[in-house]
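In what follows, a structure is listed as structure tokens, so that the remarks can point back to it.
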Amino acid sequence: MKITKLVVASHNAGKIAEIKTLLAPLKIEVQSAADLRLGDVEETGTTFEENAKLKAEALCMMCGLPCLADDSGLCVDALDGRPGVYSARYAPNRDFNEGMKMLLKEMEESGKSTRKAHFSCCMALAYPNEKTIIFEGRVDGNISQTPSGNGGFGYDPIFIPEGFDKTFAELGEDIKNKMSHRSRALEKLINKIK
Ligand code: IMP
């Protein structure tokens, strides 16, 4: 399966930058839906897979090119897996400083002592006239007591990956990209298309 151009169905600059970096060695030209002036597709699914699939397929119908969509989020054990598929919407007006505060408060109120959490990512690769392929990635870790670090995006300042004592936001993108949920899903995709 040879791909030279790939449209990424996301308007999240942080995510697109990560995907571009990870696909750079394959010499695949990555464009975002925004570059092609294509609108956002609403995430109406209830699972990461459903959302990734519906976004990739809708975009592929619009532009006729191979399209990659991902849906990802933070699943916190003490909150029974929330915010999960609703991670982006959990933060009021996408203010993640506020979202992280709310999440830490909810964890405290849950009365559960576990700080375990994981980021999940599901990627869907839609090809014109072909069956969509799904790739999944996950990184396990713990939620810190308070946010720290300036790197990354979203919930990075409160996520400490297993085996480390710093948050994703402190570790920086080089380290994060080696183990993130997105890079693990993308690694599977790369093995499929290279
Ligand atoms: P979506 O996949 O764009 O619907 O949104 C996923 C949401 O989950 C993002 O807006 C972030 O809040 C959160 N998220 C997903 N991946 C990451 C990550 O690598 N770091 C921090 N937050 C993330």
query = Can you tell me which residue in the stretch 5-17 is modelled with the lowest pLDDT, limited to those that are part of a loop (DSSP other than H, G, I, E, B) and closer than 16 Å to C60 by Cβ?
reply = S10
ask   = If G99 satisfies every condition in (1) surrounded by fewer than 21 Cβ atoms within 10 Å (Cβ to Cβ); (2) over 30 Å from K2 (Cα atoms); (3) not aliphatic (A, V, I, L, M) but one, which is the exception?
value = (1)
query = Out of all the residues in the stretch 40-66, which are in contact (Cβ under 8 Å) with a residue 12 or more places away in the chain and away from the ligand (no atom under 15 Å from the Cβ)?
reply = E57, C60, M62, C63, G64, L65, P66
inquiry  = Out of the residues in the stretch 9-39 meeting the condition of being among the polar types (S, T, N, Q) and more than 10 Å from the ligand (Cβ to nearest atom), tell me which one is farthest from G152 (Cα to Cα).
reply    = Q31
ask   = On the given criteria, is K27 of a type in the set (K, R) and more than 17 Å from R182 (Cβ to Cβ)?
value = yes
task = Go through the residues of the stretch 56-63 one by one and say whether even a single one is in a helix (DSSP H, G or I), surrounded by 20 or more Cβ atoms within 10 Å (Cβ to Cβ) and not small (G, A, S).
result = yes
key: Those strands (runs of 3 or more DSSP E) lying entirely in the stretch 96-194 with at least 1 residues more than 13 Å from the ligand (Cβ to nearest atom)   = 116-126, 133-143
note = Over the stretch 18-43, the set of residues in a helix (DSSP H, G or I) and either among the charged types (D, E, K, R) or loosely packed, with under 13 Cβ neighbours inside 10 Å (or both) is E18, K20, A24, P25
message = Looking at the stretch 34-48 only, could you name the residues that are out of contact with any Lys or Arg (no Cβ under 9 Å at 6 or more places or on another chain) and more than 17 Å from R94 (Cβ to Cβ)?
response = D35, L36, R37, L38, G39, T44, T46, T47, F48
ask   = Can you pull out the residues in the stretch 64-95 that are assigned to a strand (DSSP E or B) and touching a Phe, Trp or Tyr at 6+ places or on another chain (Cβ under 9 Å)?
value = C67, D70, D71, S72, G73, L74, C75, P83
task = Among the candidates N177, N129, N142, single out the residue that is surrounded by fewer than 21 Cβ atoms within 10 Å (Cβ to Cβ) and over 20 Å from C75 (Cα atoms).
result = N129
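The values are calculated or read from the model by the stated rules, or taken from the named source; none is laboratory data. From a predicted model like this one, the values you see are computed outputs, not experimental measurements. For neighbour counting, all protein chains shown are included, and Cβ atoms are generated from backbone atoms with ideal geometry for every residue, glycine included.
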